[in-house]
Each structure stands twice: as structure tokens, then as C-alpha cells.
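Peer 1: Quick one: the structure is below, and I'll ask about it shortly.
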Amino acid sequence: MVMKRREFLKGTAAVGLGSVAAGLMGKTALAAEGTLDIFFNSDTNVVEFWASAVKPAFEAANPGTTLNLVSGGGGASMNALAERAFAALQSGTDPQIDMMEAIGPYHPEGAIEAGLWDDFSTLNLPNMSKVNPAVIDNQWSLPYRGSQVVMMYNSEKVPTPPKTFEELVAWIKANPGQFAYARPDLGDSGACFIERALQEVMGRDESLFTNDNYSDEYAEPMFTKLWALLNDLAPSLYKGGEYTGGNTPSIQLLASGVITMTIAWSDMALVAMNEGVVPETTAVAQLQDLAFIGGYSSVLVPTNAANHEMSLKLADFLISPEVQNKVVSELGGFPSINWSEMSPELQAKFANVATTSIPTFPGPWESHLFDGWYRNVASNLTRG
């Protein structure tokens with residue numbers, strides 16, 4: 001489990017359950033031939049990206065096919081849609097759902113065992129070999145866009161960015177006042193920084209942190225090591241130990257030249273770079289020993305979709321270099337395919353962000369971690 005900012009990957013959409021119920025939820029007729037009904041659990045910017053970049057290109061390449069893009073209404077509504085697909089599978093009827101975006105395959109209970117979702121590991125999609133294995137969470141979800149926390153820096157002043165957390169700490173100490181990270185409860189990138197620091201002091205062993213193993217007694221010796229590292233680092237931070245109020249303030253400090261490096265979510269960093277919010281010398285890089293936290297959004301295809309063959313063709317299109325290049329350049333996301341498959345221009349621009357790991361951090365640990373940070377590292381601050 002990851003934090004709220006990371007929920008953009010499966011965020012709420014603008015349309016509520018009532019709107020869905022009044023629309024496709026209430027249909028009784030079979031889906032129109034050649035019309036793919038695609039339901040989104042992501043924010044409207046993602047639906048807009050599909051409308052401007054995916055829909056016209058796919059429809060042009062497949063005459064007679066129409067993509068019907070529908071905001072799904074958030075978690076409860078999307079779950080209801082999945083339940084409808086499962087009920088249709090059991091009754092042998094049309095679910096009127098051809099694809100679902102940014103939800104997991106585990107609801108409703110028993111759906112996987114019953115064969116509700118396509119298993120992409122068995123389908124031999126032409127572009128599947130291009131997908132970075134590190135971004136695949138399970139065989140029923142096809143990842144097509146993502147975000148990771150990255151180092152964002154002025155490449156003019158940092159020609160060679162740190163490749164390990166140890167090198168990052170050394171750079172911060174060698175360049176006092178030139179690095180900032182956000183308070184963990186106000187900027188999720190800041191949370192990711194201290195979580196990565198915790199992983200570092202514990203030998204980069206991700207298995208030590210799970211959703212069900214937190215206890216004060218278990219965590220205390222780990223946290224003690226973490227506070228020591230962060231307190232040792234604090235005098236070398238921006239203004240001798242000040243912390244920004246979020247992701248955007250961190251990027252603004254970098255844009256103004258007040259600092260040389262910060263950490264940020266890749267989607268925010270790429271949008272800032274694409275829109276000229278930061279200087280042209282701004283670059284991003286990822287740690288190569290154990291990357292900062294990230295996550296990827298996927299699509300599911302019901303095996304009983306009325307337009308099943310065309311839905312799989314669309315799924316393959318999503319992981320094509322054509323769409324993946326646009327995921328970066330137009331949406332500000334990270335590609336799900338290997339960077340080596342991307343355009344030469346994007347490969348050169350983002351040569352330092354490729355990673356073989358997509359770490360996560362368990363949600364149940366976070367409130368204890370943040371409370372401890374305020375008590376032991378930033379005791380002069382009031383938690384936001």
C-alpha cells in the first residue's frame with residue numbers, strides 16, 4: 001500500500017456512482033457492435049489523454065471501431081462494474097464492459113478463479129516483450145503508465161547525478177543548502193525520501209516492511225538508526241534543515257535556482273519540464289541500487305467482453321512505443337515498456353531514470369514513521 005499522492009495512479013474520477021447508474025449501468029441492450037466501453041478509475045486528465053492521444057489514433061487504425069471513454073466514478077462504482085462483469089460471466093450474458101482502467105483484478109472475490117480477467121502472460125501480445133518486467137504486478141493487469149519518485153536537479157551544476165543512496169547523502173553533505181525534501185505528511189515525495197532512508201539503514205531489505213508486521217517493539221531499533229541518519233543530514237539541507245510544504249514548493253525552489261536538487265514525483269517533474277516551468281538544464285535521475293517508490297496503472301480485459309478481440313488489440317496498442325512515447329511527452333507519466341524501446345530523443349533525455357526495481361512501502365507503517373519524524377527529526381515543526 002502507498003500514500004495518497006500515489007493514488008493518482010488509481011484515483012477518483014469526476015463522475016459519481018449516480019451518473020454511472022444513469023448511463024451505462026442502466027443499459028439493457030447489448031453493447032453496440034464495434035464500440036468498446038472503457039471505464040476509468042483515474043482522474044479526468046487521464047481520460048482526456050485517452051481522448052486526445054489514444055482514441056483518434058486507434059480508431060483511425062481500426063475503421064468501424066469506436067472507443068467509448070467513461071469515467072467510472074471511483075472505487076465503489078468501479079467495484080460495482082467488476083461485479084456486473086462477474087455476474088455476466090456466470091450468466092453467459094454481455095457485461096457491456098470491454099476494458100477497465102486503474103483497478104486491481106482481485107474484486108469480486110472468486111473472479112480470478114472463475115476466469116473473469118484475461119491472463120496477459122498467456123496471450124502473446126506483439127508488444128508484450130517490450131514491457132519492463134519490473135512494472136508487472138500480476139498477470140491479469142497490463143501496466144501502461146506509471147510514476148516514480150526521482151531526483152530532479154540542475155544538470156549544469158550536477159553533470160553526474162548520484163547513482164546510490166549513499167552517493168546522494170555524500171552529495172548533499174558536499175553541497176550544503178542545495179538539497180530539499182518535503183515534510184512527509186505534506187508532500188509524498190518527502191515521505192518517499194525518509195522511507196528510502198529507512199530501507200537504506202536496514203540494508204535495502206524490502207522484506208523487513210510488510211502490511212501486517214508493524215509493532216513499536218519491532219520498528220524502534222530500525223527507526224533509531226533512521227533518526228540518526230536524518231539528523232546527521234539535516235544541517236546540510238536547504239537553509240540548514242528546513243523542509244518544504246509539498247511537492248510543488250520543492251520544484252519551485254529548484255526552478256528559482258535556490259537549490260540544485262530535490263526529489264519529486266516523476267509525473268510532476270515531467271510536466272514541469274515539458275511546460276517550461278523549470279530551466280532547460282533541469283534533468284531527472286533514479287537511484288540504481290534501490291529505486292525510490294513508484295507505482296503503475298494497468299488495464300483489465302474481461303474474458304467475456306463483447307468486443308474481446310478488439311479489446312486485446314487495444315491493450316497491445318497501449319504498450320506500443322507510439323502510445324508509450326505520448327505517455328511521457330503528453331501525460332507526464334512513466335512508460336511501462338523498457339526505455340530502450342522508446343524514441344531516441346526520450347531515451348537520451350531520460351537516460352538516468354531507467355530502473356530494474358519498483359519498490360513500494362507498506363501503508364500501516366507510515367503514520368508511525370511520520371509521527372516519529374516530527375518527534376525526532378523536526379521537533380520544532382507542527383504536523384500539518
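The values are calculated or read from the model by the stated rules, or taken from the named source; none is laboratory data. Bear in mind that the values here come from a model prediction, so they are computed numbers and not experimental data. No Cβ is skipped: glycine too gets one built from the backbone with ideal geometry, and neighbour counts run over all protein chains shown. The area values use the complete protein model at the heavy-atom level, side chains included, leaving out ligands, DNA and RNA. Shrake-Rupley method; radii C 1.70, N 1.55, O 1.52, S 1.80 Å.
Peer 1: The conditions are (1) over 24 Å from the mean Cα position of the chain (by Cα); (2) open to solvent by 20 Å² or more (accessible area, probe 1.4 Å); (3) small (Gly, Ala, Ser), and Gly276 fails exactly one of them. Which is it?
Peer 2: (1)
Peer 1: Take the conditions acidic (Asp, Glu) and crowded, with 16+ Cβ neighbours inside 10 Å and apply them to Glu366. Does it pass?
Peer 2: Here the answer is yes, as Glu366 does meet what is asked.
Peer 1: Taking region 72-123 only, how many residues are at pLDDT below 95, at positive phi and either touching a strand residue (DSSP E or B) at 6+ places or on another chain (Cβ under 7 Å) or surrounded by fewer than 23 Cβ atoms within 10 Å (Cβ to Cβ) (or both)?
Peer 2: So the count comes out to 2.
Peer 1: While we're here: Please identify the pairs in which a residue from region 92-112 that is farther than 20 Å from Gly295 by Cβ has its Cβ atom under 6 Å from the Cβ atom of a residue that is surrounded by fewer than 23 Cβ atoms within 10 Å (Cβ to Cβ) and among the acidic types (Asp, Glu), counting only partners at least 6 apart or on another chain.
Peer 2: Sorted first by the residue in region 92-112, then by its partner, the pairs are Pro108/Glu83.
Peer 1: Residue check, Asp137 against (1) open to solvent by 80 Å² or more (accessible area, probe 1.4 Å); (2) at pLDDT 95 or above, all met but one. Which one?
Peer 2: Of the numbered conditions (1) open to solvent by 80 Å² or more (accessible area, probe 1.4 Å); (2) at pLDDT 95 or above, the odd one out for Asp137 is (2).
Peer 1: Scan region 167-184 and report the pairs whose first residue is under 13 Å from Gly241 (Cβ atoms) and whose second residue is among the charged types (D, E, K, R), with Cβ atoms within less than 7 Å and a gap of 6+ or a chain change.
Peer 2: Taking only residues 6 or more apart or on different chains, the pairs are Gly177/Lys239.
Peer 1: Still on this structure: When you scan region 336-347, do you find a residue that is touching a residue at least 24 places away in the same chain (Cβ under 8 Å) and of a type in the set (S, T, N, Q), even just one?
Peer 2: There is at least one residue in region 336-347 that is touching a residue at least 24 places away in the same chain (Cβ under 8 Å) and of a type in the set (S, T, N, Q).
Peer 1: Ok, one more. State all residues of region 198-223 that are open to solvent by less than 50 Å² (accessible area, probe 1.4 Å), farther than 15 Å from Thr360 by Cβ and not aliphatic (A, V, I, L, M); if no residue qualifies, say none.
Peer 2: Matches in region 198-223: Glu200, Ser215, Phe223.
Peer 1: Also: Which of the residues that make up region 140-170 are open to solvent by 10 Å² or more (accessible area, probe 1.4 Å) and out of contact with any Phe, Trp or Tyr (no Cβ under 8 Å at 6 or more places or on another chain)?
Peer 2: Passing the criteria: Asn154, Ser155, Glu156, Lys157, Pro159, Thr160, Lys163, Thr164, Glu166, Glu167, Val169, Ala170.
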